[in-house]
There are 2 protein chains.
Amino acid sequence: MDLLLLSNSTSDDGYLVHAHAAITELADGRTDALFVPYAGVTRDWDAYTDQVREALAPIGITVRGLHAEADPLAAVNAATLIVVGGGNTFRLLQVLRQQALLAPMAARVRAGAARYIGWSAGSNLATPSIRTTNDMPVVDPGGLDALGLIPFQLNPHYYNLVVPGFRGETRDQRLAEFTTLSPDTPVLGLPEGNWVRVSGNHHTLHGPHAARWFLGDRTWDVAAGVLGVP
Amino acid sequence: MDLLLLSNSTSDDGYLVHAHAAITELADGRTDALFVPYAGVTRDWDAYTDQVREALAPIGITVRGLHAEADPLAAVNAATLIVVGGGNTFRLLQVLRQQALLAPMAARVRAGAARYIGWSAGSNLATPSIRTTNDMPVVDPGGLDALGLIPFQLNPHYYNLVVPGFRGETRDQRLAEFTTLSPDTPVLGLPEGNWVRVSGNHHTLHGPHAARWFLGDRTWDVAAGVLGVP
């Protein structure tokens, strides 16, 4: 089982450019990607797929949109590289559940038949549930459980900035709500520009920033390198 | 039907102090408040109730916690002033649904037998659904529909600050996802320090800032005063 779970897609260098090398390594010669655009809400799925197609062309990967497949289940079951884009995590989970694609997708990745790349909502989808997404619950996904390909939660776009004048919760306060109610489930706060490479049961943190673990009432930072999942 | 829906509880003057006059006006002589602390996750419901008790004592309102009532349904059905605190909206909705208190609470407020005060999550609860909360979905509330006491959605703690280095969605982008998928439902972005006073079908915006309406692909700002619901 091989996954690449990115915090974000945009960077100062251009869309997905910061991830080119990591995507090339993960793809390991696979050149035909099945792209899942369902997290896109305010943009057309065709346009979203075009954007990803253009972003991956320079590294020799061609992109088909799952939404344009006549038989989505067959497309998932034939895919060797599944790419799940960001946007709204609730919408992503809702559409995949409506199409009954969650279990087939998880099974194919778990079996090693397809490799998985996600960013933002697409990274949330790979975890046990979407309970640590930052997104607004604009639709009811029919349950919060997700693919469960890794044994911990991710919080993409992680930062704990205190915004002047804002009286709501900080990110750490929100995550503390999760760990209070689910004290046995670890959460990794994944800063912008970072990613996790999953290979079987091994997890490695990459990127320029330290990430932060949350477990029960404890938090601690970890630098890039092998991740010991607590 | 009389409601006071506040964006936030904390202010530079102290906890709920900015709302003292508005709460006194809404209570209109009622001095016995039933407080719903269920949105509190990282703090004890007793402690949360104590905090609200101390905050409302100076304006002559006594506070009982719903969580401490032997018969919560009877307590709701006897209440004349229901106060719903902020915290996590998903947790608030989950506990009220588990206790089968949503319909009785809505009916009592709708009948005018109890007046309603909410802030943050407590304000989200009064709207058709919690789909425009800012909170993290740390638990599954068993559906996103809420009390439906007003005909529009609220987004508390509204601001559209662009945080340097953050690659996720701005607040306006998140709300545009909602209005894209629910184009006929208006959303009011309620800034810190503002509130909405509901009296029957009349809605009035109060506070120091302009609020922002979101409907379909349109947004526009409104100043304090009578709210024409679009």
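The values are calculated or read from the model by the stated rules, or taken from the named source; none is laboratory data. Please read these numbers as outputs of a predicted model, since none were measured by experiment. Backbone-built Cβ (ideal geometry, glycine too); neighbour counts: all protein chains shown. Heavy atoms of the whole protein, side chains included, go into the accessibility calculation; ligands, DNA and RNA do not. Shrake-Rupley method; radii C 1.70, N 1.55, O 1.52, S 1.80 Å.
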Scan of region A:188-230 for residues that are more than 20 Å from A:Asp28 (Cα to Cα) and among the charged types (D, E, K, R), ordered by number: A:Glu192, A:Arg212, A:Asp217, A:Arg218, A:Asp221
Listing of strands (runs of 3 or more DSSP E) fully contained in region A:148-230 that carry 2 or more residues being open to solvent by 20 Å² or more (accessible area, probe 1.4 Å): A:195-199, A:202-206, A:211-215, A:218-222
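Per-residue answers, yes or no, for (1) more than 7 Å from chain B (Cβ to nearest Cβ); (2) β-branched (Val, Ile, Thr):
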{"site": "A:Tyr116", "(1), (2)": "yes, no"}
{"site": "A:Gly122", "(1), (2)": "yes, no"}
{"site": "A:Thr127", "(1), (2)": "yes, yes"}
{"site": "A:Met136", "(1), (2)": "no, no"}
{"site": "A:Val139", "(1), (2)": "no, yes"}
{"site": "A:Ile150", "(1), (2)": "yes, yes"}
{"site": "A:Pro156", "(1), (2)": "yes, no"}
{"site": "A:Tyr159", "(1), (2)": "no, no"}
{"site": "A:Arg167", "(1), (2)": "no, no"}
Every residue from region A:15-30 that is surrounded by 13 or more Cβ atoms within 10 Å (Cβ to Cβ) and part of a loop (DSSP other than H, G, I, E, B): A:Tyr15, A:Leu16, A:Arg30
Among (1) modelled with pLDDT under 95; (2) touching a Leu at 6+ places or on another chain (Cβ under 9 Å), the one test that B:Gly225 misses: (1)
Checking A:Gly29 against (1) more than 14 Å from chain B (Cβ to nearest Cβ); (2) more than 22 Å from B:Phe178 (Cβ to Cβ); (3) touching a residue at least 24 places away in the same chain (Cβ under 8 Å); (4) not basic (Lys, Arg), the condition it does not meet: (3)
Selected residue (only one of B:Ala121, B:Ala103 is on the phi < 0 side of the Ramachandran plot and out of contact with any helix residue (DSSP H, G or I) (no Cβ under 7 Å at 6 or more places or on another chain)): B:Ala103
Strands (runs of 3 or more DSSP E) wholly inside region B:55-135 that include at least 1 residues being open to solvent by 10 Å² or more (accessible area, probe 1.4 Å) and within 19 Å of B:Arg30 (Cα to Cα): B:62-65, B:115-119
